[in-house]
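Asks: Supplied in structure tokens, the structure appears directly below.
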Amino acid sequence: MFDKDITIVNKWFNKKTKTNEYKIHPVKGFWSSNEGVSISNTQLIKNDSLIVRILMSEKGYVTPKEFQESGNGWTLQNDDYLVKGIVDNITTITNLKENYECMKITNVAIKDYGSIDMQHYEVSGE
């Protein structure tokens with residue numbers, strides 16, 4: 001189930017160069033996208049959803065605070081991106097959106113219950 005290649009794109013502010021950099025990290029996970037429309041009374045509402053699940057056992061995870069301090073590892077935080085597939089280099093986010101199926105992270109839920117083999121991060125976005 002958690003066998004899809006996913007690339008995490010974290011934005012990191014480099015204090016030495018005083019510039020934003022993008023750090024990329026490949027992981028295995030589960031990618032689910034759903035495109036749809038909801039109808040309520042007289043309105044049509046676009047109801048697309050993207051959900052990615054990443055096992056907590058994936059190596060290299062650090063908290064968003066630790067990541068911003070060091071730039072090491074990978075993290076899951078709002079306004080970062082997940083890409084379906086492996087990406088080797090990021091030039092701009094616009095270029096990323098044009099060439100890959102990706103999502104901007106809007107919510108991260110920690111699902112740390114049940115068996116250790118199924119504990120995961122549930123990431124949703126747009």
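Asks: Would you mind telling me the share, in percent, of accessible area of segment 56-126 contributed by carbon and sulfur at probe 1.4 angstrom?
Replies: Working: 1970 of 4290 Å².
Here carbon and sulfur together make up 46 percent of the probe-accessible area.
Asks: Can you list residues from other chains, or at least 5 along the same chain, whose modelled amide H is less than 5 Å from the amide H of D80?
Replies: I105
Asks: Sticking with this structure for a sec: Taking H as built 1.01 Å from N, whose amide H comes closer than 5 Å to the amide H of G85, not counting residues under 5 places away?
Replies: Sorted by chain and number, the residues that satisfy this are D5, I6, T7.
Asks: Measuring with a 1.4 Å probe in the full set of protein chains, what accessible area per residue, in whole Å², belongs to the chain?
Replies: 64
Asks: What full-extension length gain, to one decimal in nm, is calculated for N99 and I86 as 0.36 nm per residue of separation minus the Cα-Cα distance? Mind showing how you got there, number by number?
Replies: Values: separation 13, 0.36 × 13 = 4.68 nm, distance 1.20 nm.
Computed gain between N99 and I86 is 3.5 nm.
Asks: Right, next: Under a 1.4 angstrom probe, counting protein chains only, how are F30, F67, F13 ranked by accessible area, largest first?
Replies: Numbers: F30 60, F67 0, F13 90 Å².
Most to least solvent-accessible, the answer reads F13, F30, F67.
Asks: Only four residue types carry charge here, +1 at the Cβ of Lys and Arg and -1 at the Cβ of Asp and Glu. Report the dipole size of the chain about the Cα centre in Debye, rounded to the nearest 20. Write out the running numbers ahead of the final one.
Replies: Working: 15 positive and 17 negative charges, 76 e Å.
Dipole about the Cα centre, nearest 20: 360 debye.
The values are calculated or read from the model by the stated rules, or taken from the named source; none is laboratory data. What you see is a predicted model, and the numbers here were worked out from it, not measured in a lab. So basically every Cβ, Gly included, is an ideal-geometry build from the backbone, and we count neighbours across all protein chains shown. Remember, those area values only see protein heavy atoms, side chains included, never the ligands or the DNA or RNA. Shrake-Rupley method; radii C 1.70, N 1.55, O 1.52, S 1.80 Å.
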